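Just so you know, all these numbers are worked out from the coordinates, no wet-lab data involved. Keep in mind the model is a prediction, meaning the values are calculated, not measured. FYI the Cβ positions are ideal-geometry reconstructions off the backbone, even for glycines, and counts take in every protein chain you see.
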């Protein structure tokens, strides 16, 4: 099974609230990325190593505190067809 890394659900929002960060733009600058990248990762895109390092540096979170390792979901795949034995 292929795995990938995703940011923990609602983590960026919780950090903004707890630390009184006024906007996604400010938070993105703290991490060292632009707002578009921040939003992509927040919506489920796989973060780059630089993004993960930026979260660690900006907020003092360990990688396992901020990110989960999850299975890659096959986009547009037919699971039944994949699991059916070959004839």
Suppose the chain between residue 56 and residue 4 were pulled fully straight at 0.36 nm per residue; how much longer would it get relative to their current alpha carbon spacing?
16.9 nm
Could you work out the mean projected area of the convex hull around the alpha carbons of the stretch 3-83, in square nanometres to one decimal?
5.9
For residue 45 and residue 72 in the same chain, what is the full-extension length gain: residue separation times 0.36 nm, less their Cα-Cα distance, in nm?
8.6 nm
Under 20 Å from the 7 Å Cα→Cβ point of residue 16, by amide nitrogen: which residues of the stretch 41-67?
41-48, 51-61, 66-67
Can you tell me which of 52-63, 12-23 comes out highest on packing, and rank the rest after it, using the mean Cβ neighbours within 10 Å?
52-63, 12-23
